[in-house]
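This report concerns only the one structure given below.
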Amino acid sequence: MRIDIISAIPELLESPLSHSIMQRAQDKGLVEINLINLRNFGLGPHRQIDDYQYGGGAGMVMMIEPLFNCIESLKKERVYEHVIYMTPDGDVLNQAISNKLSLCGNIILICGHYKGIDDRLREHVVTMEISIGEYVLSGGELAAAVLVDSIARLIPGVLNDSTSALFDSFQDDMIAPPVYTRPENFNGWTVPKVLLSGHDKNISDWRYEQSQSRTLKRKKQFSSDQNE
Ligand code: ADE
């Protein structure tokens, strides 16, 4: 899978995408991530990428030409399944969206800044708009890093234990069961006995029950938060 990320500040993405699982995914050739500096497509001697908004009002808007030209140059090389705009008013990211995107061959992510991008791009070029939550970040880069991480770990071969992504929380709308490691007793806080029993069936039953009760508890919490 190839992910091209267009950003005015690509440095913001370098660290999150160059360690641990994300780096391994790239080293193994399973995911290719390209950071594209939008300034390279900026207009004029100052490589301008933003301008005042028509109609007045505070805040700059990312101009249509640099983004459009950048996306066109990418599209000349290959076909993309999606051009995704990271924005707080997009569809809120969930596991189903990540699962779907992990099946794509090539996608483009646009990281917004300032007041956002010229709306004509959203109308004519962007095919998906994704938010990582109902709060506003200073730019789309951190949101893009979250999206890319959630997609990459689903690509077969990226995780060492090929089954472990299947047991992630939310993969089947269930929260993952609790996990423990050594020591068995820390300050009198002990590990559930069943996990030390070596009895596979009892362990998997216990994990399933824990998942169910945690999921139920979270759903109750969620609906009471919504009613507040
Ligand atoms: N850009 C700014 N805030 C964002 C958010 N919450 N999700 C995605 N992109 C964003």
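So GLY90 ticks every box in (1) open to solvent by 20 Å² or more (accessible area, probe 1.4 Å); (2) in contact with a Ser or Thr (Cβ under 6 Å, 6 or more places away or on another chain); (3) within 21 Å of HIS124 (Cβ to Cβ) but one. Which box is left unticked?
Evaluating GLY90 over (1) open to solvent by 20 Å² or more (accessible area, probe 1.4 Å); (2) in contact with a Ser or Thr (Cβ under 6 Å, 6 or more places away or on another chain); (3) within 21 Å of HIS124 (Cβ to Cβ) leaves (1) as the failure.
If we scan segment 25-37, do we find a residue that is in a loop (DSSP other than H, G, I, E, B), open to solvent by less than 20 Å² (accessible area, probe 1.4 Å) and among the aliphatic types (A, V, I, L, M)? Break it down into steps so the answer makes sense when it comes.
First pass over segment 25-37, keeping only residues in a loop (DSSP other than H, G, I, E, B): 28-31.
So of that shortlist, the ones also open to solvent by less than 20 Å² (accessible area, probe 1.4 Å) come out as 31.
Now drop any that are not among the aliphatic types (A, V, I, L, M), which leaves 31.
Yes, segment 25-37 contains at least one residue that is in a loop (DSSP other than H, G, I, E, B), open to solvent by less than 20 Å² (accessible area, probe 1.4 Å) and among the aliphatic types (A, V, I, L, M).
Here are SER20, SER15, SER73: which of them is hydroxyl-bearing (Ser, Thr, Tyr), in contact (Cβ under 8 Å) with a residue 24 or more places away in the chain and out of contact with any Leu (no Cβ under 7 Å at 6 or more places or on another chain)?
Only one candidate passes the filter, namely SER73.
Can you tell me how many residues in segment 80-134 are within 9 Å of the ligand (Cβ to nearest atom), among the small types (Gly, Ala, Ser) and under 21 Å from ALA165 (Cα atoms)?
Number of matching residues: 0.
If I filter segment 180-192 for residues that are open to solvent by 90 Å² or more (accessible area, probe 1.4 Å) and under 23 Å from ALA96 (Cβ atoms), do I get at least one hit?
No.
Output the number of the condition that ARG122 fails; it satisfies all remaining conditions of (1) under 18 Å from the mean Cα position of the chain (by Cα); (2) surrounded by 14 or more Cβ atoms within 10 Å (Cβ to Cβ).
It is condition (1) that ARG122 fails.
Could you please find all residues in segment 22-60 being within 24 Å of the chain's Cα centre (by Cα) and among the hydrophobic types (A, V, I, L, M, F, W, C)?
From segment 22-60, those within 24 Å of the chain's Cα centre (by Cα) are 22-39; that's our starting set.
Across segment 22-60, the qualifying residues are MET22, ALA25, LEU30, VAL31, ILE33, LEU35, ILE36, LEU38.
The values are calculated or read from the model by the stated rules, or taken from the named source; none is laboratory data. It should be emphasised that the depicted structure is a prediction, and the values quoted were computed from it without experimental measurement. Cβ coordinates were reconstructed from backbone atoms using ideal geometry, including for glycine residues, and neighbour counts include every protein chain displayed. Remember, those area values only see protein heavy atoms, side chains included, never the ligands or the DNA or RNA. Shrake-Rupley method; radii C 1.70, N 1.55, O 1.52, S 1.80 Å.
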